[in-house]
Amino acid sequence: MTSLDSNVGEYISNEYFEKKLKNGFFLITTSHGSWSLLTEKEYKILKSGDFKNTDLFSFFENKGLIITKKNTSKIVNAFKSQYSFFDEPHMLCVVTLTNRCTLKCDYCHACAKPKDSKIKDMDNKTMVAVIDFICSLPHKNIGIEFQGGEPLFRFDLVKDFLLLLEKKLCLVGKNLTSRVIVTNLTLMTEKIADYVIENNIGLCSSLDGPKELHDKHRKYVSGKGSYDIVMGWNDYFNKKGRNINFLPTITSESIKFGSKSIIDEYLRLGFFRVNLRPIHRIGRGKNKSLWFDDESFFEFWKSGIEYIIELNEAGIEFYDYNTQAMLKNILTPIRSYMCMRTPCGAGISQLAFNTDGTILPCDMARSLPDLKVGNVKKHSYSDISISLLEIKTHTRDTNPLCDSCIFGAYCGNCLCDTYSAFGDFVLKTPQDFDCKIKKRMLTYLFEKLCDKRYSVIFNNWVTLK
Ligand code: SF4
Ligand code: SF4
């Protein structure tokens, strides 16, 4: 639509998506990430294009619902910001030195093997090849995360890997920006703990909630749970002034316990956040008895968010990381969390390396051999870049239905979950569990953003680290 009406400037209508919310407001979004909550009267004016005698022209221009000479570059820049991660100088490299593990967690996406399994750990030649490959990446800043299996089985290799990597990165003028060990803590010793503390190595571990829940999932082959040992090491590190970054995995058992019990466990331990993220349906996570339907998860998550809001109102700082990522997408132009954007971080912000040197776009792809993009012993970064092209082009515009979805600019889907469910990278959105829950969660967040009680708190969450 164009207009030369003297009461309004010259404009053309932008493409927008619309949904009537339960509270009567009309949610209007655009591909460049702008959103508005309109009353019925404002909505009708937008539809009719009859802006005469209203002050809505400049409002719609500011929101980019109409395109004028004045706002064109703002709209283009907002759109570009959503994809600025393509130019990021940072790459997270996830390295598996062993896929043997002390525990047999029932949702393990990597399908880790028992400690006496005959599978091979990474050998020295492969380790050097992985390090050389990482040093050849075009990225200036490198983050390293050791996953498993249980990396502490081969703490000797962890140390060797870091020493050689640091030396080689220094020679090529790159920075090692983070070093993290993802561990179940069962093989932690005071000697390892001291090394970790002295060398400022981060620790990430799992804590599914209270003991009864945690021990249902995270147990030894004998059936004994790992909660007590995890708590022992948490106390040890806390006394030394160090925190372990814990994450829960939400399963059908977690839904039975309720989100409050998980949040209370994290609060009891002095944490400021939880991450209410559903189980990845990959590897042993394909066991359907661990799954739940979208409605059950939505109610679980919603009651968790409402409980956290009450805590915040009582002066207790706390938030949910997964929800914060969605709110950041709504309230800021940058898509900072690699697992809540499209395309996600797989192959763009993250690469994973298996014990045999296989290169994968994400650690989550370790039980999806079709997704391997090369091997450090045979392929260069430019070789794998060609294999990664298909993944990189999976923006929401190439996913049918996401391209016209009202939540397209704020949503994100896990490439590995999609591949595990459908055998290709294209989401079958009406059947996709993740799509169903994202629609419910994003609708809830937009409805609550109309309410000052929630919007003040949600705006604060996006500033928290
Ligand atoms: S995954 Fe579902 S909710 Fe997300 S953008 Fe696509 S259609 Fe919309
Ligand atoms: S594939 Fe899944 S886990 Fe991996 S970066 Fe993408 S969203 Fe995150």
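All of the numbers you see were taken from the coordinates with simple rules; none came from a lab. All values reported here derive from a predicted model rather than from experimental measurement. Here the Cβ is made from the backbone with ideal geometry for all residues, glycine too, and neighbour counts use every protein chain on show.
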Handout entry: From phi via Karplus (6.51, -1.76, 1.60), per-residue ³J(HN,Hα) for region 47-60 in Hz, x at Gly/Pro
Key = 5, 7, x, 8, 8, 3, 6, 10, 9, 7, 4, 5, 5, 5
Completion exercise
So the FRET efficiency between residue 299 and residue 172, C-beta based with R0 = 51 Å and rounded to 0.05, is 0.50
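Under a Cβ-only charge scheme (Lys and Arg +1, Asp and Glu -1), can you give me the dipole magnitude of region 296-359 about the Cα centre, in debye to the nearest 20?
Numbers: 4 positive and 7 negative charges, 82 e Å.
Magnitude of the dipole: close to 400 debye.
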Completion exercise
The helix 124-136 Cα axis meets the longest alpha-carbon principal axis of the chain at an angle in degrees, between 0 and 90 and rounded to 10, of 30 degrees
Exercise for the section: Give the distance, in whole Å, between the Cα centre of region 93-151 and the Cα centre of region 275-351. Expected result: 25 Å
Problem - Alpha-carbon gyration tensor eigenvalues x 5, square-rooted, for the chain, Å - result: 42, 27, 20
Fill in the blank from the handout: Per the C-alpha gyration tensor (a ≥ b ≥ c, the square roots of its eigenvalues), region 206-266 is rounded if a/c is under 1.5, else prolate if a/b beats b/c, else oblate; here it's oblate
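What's the magnitude of the charge dipole for the chain around its Cα centre, counting Lys and Arg as +1 and Asp and Glu as -1 at the beta-carbon? Answer in Debye, nearest 20. Mind showing how you got there, number by number?
On the way: 63 positive and 54 negative charges, 101 e Å.
The dipole magnitude comes to about 480 debye.
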Exercise for the section: Can you tell me the 0 to 90 degree angle between the C-alpha axis of helix 155-171 and the longest principal axis of the chain, rounded to 10? Expected result: 60 degrees
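Take the cross-link list 256/288; 120/159; 372/439; 224/372; 20/256 and give me the ones stretching past 23 Å between alpha-carbons. All intermediate terms of the calculation are to be shown ahead of the outcome.
On the way: 256/288 15 Å; 120/159 18 Å; 372/439 31 Å; 224/372 35 Å; 20/256 32 Å.
In this structure, 372/439; 224/372; 20/256 exceed 23 Å between Cα atoms.
For region 24-180, what does the relative contact order come out to in percent, with C-alpha contacts under 8 Å and a separation of six or more? Spell out each step's value before the answer.
On the way: 183 pairs, mean separation 32.3, N = 157.
Relative contact order here is 21 percent.
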Practice task
Measure nothing but the geometry: give the 0 to 90° angle between the long axis through the Cα atoms of 433-449 and the longest principal axis through the Cα atoms of the chain, rounded to 10°.
Solution key: 50 degrees
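Please give the contour-minus-distance gain from residue 455 to residue 87: 0.36 nm per residue of separation, less the Cα-Cα distance, rounded to one decimal in nm.
Here the segment from residue 455 to residue 87 would lengthen by 129.3 nm.
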Practice task
Sort 449, 185 so the one with the fewest other Cβ atoms within 10 Å of its own Cβ comes first.
Solution key: 449, 185
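For region 353-465, report the % of Cα-Cα distances exceeding 22 Å. Intermediate values should be presented prior to the final figure.
On the way: 3124 of 6328 pairs.
More than 22 Å apart: 49 percent of the Cα pairs in region 353-465.
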Completion exercise
Sorted by chain and number, the residues with a modelled amide H under 5 Å from that of residue 319, at a separation of 5 or more or across chains, are 273, 274
Practice task
Extending each Cα 7 Å along its Cβ direction at residue 252 and residue 236, get the distance between those two points in nm, one decimal.
Solution key: 3.6 nm
Exercise for the section: For residue 21 and residue 194, compute 0.36 nm times the residue count separating them, minus their Cα-Cα distance, and round to one decimal in nm. Expected result: 56.9 nm
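If I take every Cα pair under 8 Å that is 6 or more residues apart in region 227-347, average their sequence separation and divide by the length, what percent do I get for the relative contact order? Let's see the in-between values first.
Values: 90 pairs, mean separation 27.7, N = 121.
With pairs under 8 Å counted, the relative contact order is 23 percent.
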Completion exercise
Over all pairs of different Cα atoms in region 284-400, the reciprocal of the mean inverse distance gives a Kirkwood radius in Å of 17.3 Å
Problem - For residue 101, distant residues with modelled amide H under 5 Å away - result: 113, 115, 150
Exercise for the section: List, in order, the whole-Hz ³J(HN,Hα) value for each residue of region 232-249 obtained from phi through the Karplus relation with A = 6.51, B = -1.76, C = 1.60 and θ = phi - 60°; use x for Gly and Pro. Expected result: x, 6, 4, 4, 4, 5, 4, 4, 8, x, 10, 9, 9, 8, 9, 10, x, 10
Exercise for the section: Pull up all non-local amide H partners of residue 375: gap of 5 or more, or a different chain, and H-to-H distance under 5 Å with H placed in the peptide plane. Expected result: 359
Handout entry: Relative exposure of 407, 79, judged by other C-beta atoms within 10 Å (fewest first)
Key = 79, 407
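Compute and list, largest first, the equivalent-ellipsoid semi-axes of region 98-182 from the alpha carbon gyration tensor, each √(5λ) rounded to a whole angstrom. Walk me through the numbers on the way to the answer.
Details: eigenvalues 142, 36, 21 Å².
Its equivalent ellipsoid spans semi-axes of 27, 13, 10 Å.
For residue 310 and residue 272, compute 0.36 nm times the residue count separating them, minus their Cα-Cα distance, and round to one decimal in nm. It would help to have the intermediate numbers written out before the result.
Details: separation 38, 0.36 × 38 = 13.68 nm, distance 1.42 nm.
Full extension from residue 310 to residue 272 adds 12.3 nm.
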Handout entry: Using θ = phi - 60° and Karplus 6.51 cos²θ - 1.76 cosθ + 1.60, couplings along region 177-186 (whole Hz; Gly, Pro as x)
Key = 8, 7, 9, 10, 10, 8, 9, 8, 6, 6
Handout entry: Percent breakdown of C-alpha pair distances by 10 Å bin, ordered from the shortest bin, for region 1-76
Key = 20, 55, 24, 2
